[in-house]
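A.B. asks: There's a structure below that I have some questions on.
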C-alpha cells in the first residue's frame, strides 16, 4: 500500500490554530481532518474573516470533515467554530476527537468561580493607580482572552456530534481509522500524571495549583464583597475610612504606608492567571500521524508545554496490539517530517532535549500559526521565540510556513507532502 498524498493547509485566522489535513489515497476519495479553529481576540489578519475560512474549508472538502480535532479549551483554538457555526453545521461532521481530560467525570479545567474571581481581580488591579497593578491586570486579561467563554464554545461544538461519535483519546493509544487507509495515529498526550500536567516550564517542581484551595482566597474575596463597590478580602469595618480619625491618620502618613494592605492581595492573581493558562495548554491532545508505507510522521502538538512533552519520553506504543515490536515516542520524533509548532512558537512549548533536537529527519517541515507583529505590539509577546525560530530554520528542508508571511487577504498557506 502506498502512502496517501497529503496536503496540510494552515488557515490565517490570526494568532490562532486552524489546520486542515487532506489525505488522498491512490484509489479513493479525499479524507479530511480539521485540527482546531480559533484565534485570539483582536489578532485576525486584515481582509480575512472566519466566514471566508469556513467557506473555503467546506469547498475544499466537499462539505465533509471525517474528523474534527479540538486539542484543548482555549479561545485561540475554538473561537472560529463559534464565528462560523452556521457554516460548519451545514457540513457532514463524522467524528470529534478530544483528549481524555474532556471525558465526562474526568474533565480537568479551572473552576468557573476562579475565572470570575480573576476577572474581578483584574478590574481591581486596573483601578489601583499603580504601574505594577496595571501590569498584573494586563497579564490576567491576557490569560482570560484565551479562556473566556471557552467552556460554552466547546460544549456547542460537542453538541454537533452524536455521543457515539465523540472520541476521547489517552496517551499510549494507537489506532487506524477504517476510513483513513495507510495512516496510523499515535496519541502522545496529554499525560495522566497530574505532576506532568502541572509542569509548564523547564524548571523543576513548578506546579499549576501549588497553592491549593486557600490560594483562591483572592477570587472569593473579589466575588463575595462585604460592601457594594468594594473589592477586598477584609470586612468593610477595617477600611481606613471607617477608623477613628486619630487611628486613620496613623495609616495615612507617608512613612506609615507599610502598615496598609491595599491591592497587595491581588498580586497573586496574575501569577495564578498565567498558571491556569499554561495548565490548560498542557491538557493539549497531541497526535502523531504516521504514513505507514514510508513511516513519515506528521506531529501536531496543540499548545503542549514542557510537562506534556516530558511525559512522552517513557511512552512505548504497540501498533499491532499483540505484544509485537514496540515503538518509542523518540522513534516517532526522529521520523517527523511535519511539525506544527506549539503555542505560536513560544519559548516553553517546544522541548529542546528529547523534543526538537530529536527531530532528525532531513525532510523536516514546520508551520507556525502566529501573528508576530500583533503579538509583540499588543501583548509584548515573542511569538515566535527568536532562538526557537533560528533552530527550526537550521533543521527544516524548506522555508517555515508562517501564517503572518502571506499576501494580504490570503486565507491560508499550504504544504504538500
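What follows is calculated from the coordinates using simple rules that are stated; it is not laboratory data. Computed from a predicted structure; not experimentally measured. Backbone-built Cβ (ideal geometry, glycine too); neighbour counts: all protein chains shown.
A.B. asks: Mind checking the full-extension length gain between residue 405 and residue 318? Use 0.36 nm per residue of separation minus the Cα-Cα distance, one decimal, nm.
C.D. replies: Working: separation 87, 0.36 × 87 = 31.32 nm, distance 3.99 nm.
Computed gain between residue 405 and residue 318 is 27.3 nm.
A.B. asks: When ranked by the protection proxy of mean other Cβ atoms within 10 Å per residue, highest first, what sequence do the peptides 161-170, 301-310 form?
C.D. replies: Working: 161-170: 13.9, 301-310: 26.4.
Top of the packing list down: 301-310, 161-170.
A.B. asks: Can you tell me which of 49-58, 399-408 comes out highest on packing, and rank the rest after it, using the mean Cβ neighbours within 10 Å?
C.D. replies: Details: 49-58: 18.8, 399-408: 16.9.
Per-residue Cβ counts within 10 Å, averaged per peptide and sorted highest first, yield 49-58, 399-408.
A.B. asks: With r defined as the distance between the Cβ atoms of residue 152 and residue 90 and R0 fixed at 22 Å, what FRET efficiency is calculated, to the nearest 0.05?
C.D. replies: Values: r = 21 Å, r/R0 = 0.97.
Efficiency, from the Cβ-Cβ distance: 0.55.
A.B. asks: Between residue 362 and residue 63, how high is the FRET efficiency from 1/(1 + (r/R0)^6) when r is the Cβ-Cβ distance and R₀ = 41 Å? Nearest 0.05.
C.D. replies: Numbers: r = 38 Å, r/R0 = 0.92.
The calculated FRET efficiency here is 0.60.
A.B. asks: Now for a separate question. Kindly rank 382-391, 180-189 from highest to lowest mean number of other beta carbons found within 10 Å of each residue. Show your work: numbers first, answer last.
C.D. replies: Working: 382-391: 17.6, 180-189: 21.9.
Output ranking for 382-391, 180-189: 180-189, 382-391.
A.B. asks: Taking 0.36 nm per intervening residue step and subtracting the Cα-Cα distance, what contour gain separates residue 167 from residue 27 on full extension? Show your work: numbers first, answer last.
C.D. replies: Working: separation 140, 0.36 × 140 = 50.40 nm, distance 2.74 nm.
Additional length available on full extension: 47.7 nm.
A.B. asks: How many angstrom lie between the Cα centre of segment 147-193 and the Cα centre of segment 306-347?
C.D. replies: If we compute the Cα centre of each part, the gap is 17 Å.
A.B. asks: Please work out the Kirkwood hydrodynamic radius for segment 321-417, using every pair of different C-alpha atoms, and report it in angstroms with one decimal place.
C.D. replies: Details: mean 1/r = 0.0682 Å⁻¹.
Hydrodynamic radius (Kirkwood, Cα pairs) of segment 321-417 is 14.7 Å.
A.B. asks: Can you tell me the length gained on complete extension of the stretch residue 377 to residue 325, counting 0.36 nm per residue apart and subtracting the Cα distance? Write down the numbers at each step before the final one.
C.D. replies: Numbers: separation 52, 0.36 × 52 = 18.72 nm, distance 5.03 nm.
Stretched out fully, the residue 377 to residue 325 stretch lengthens by 13.7 nm.
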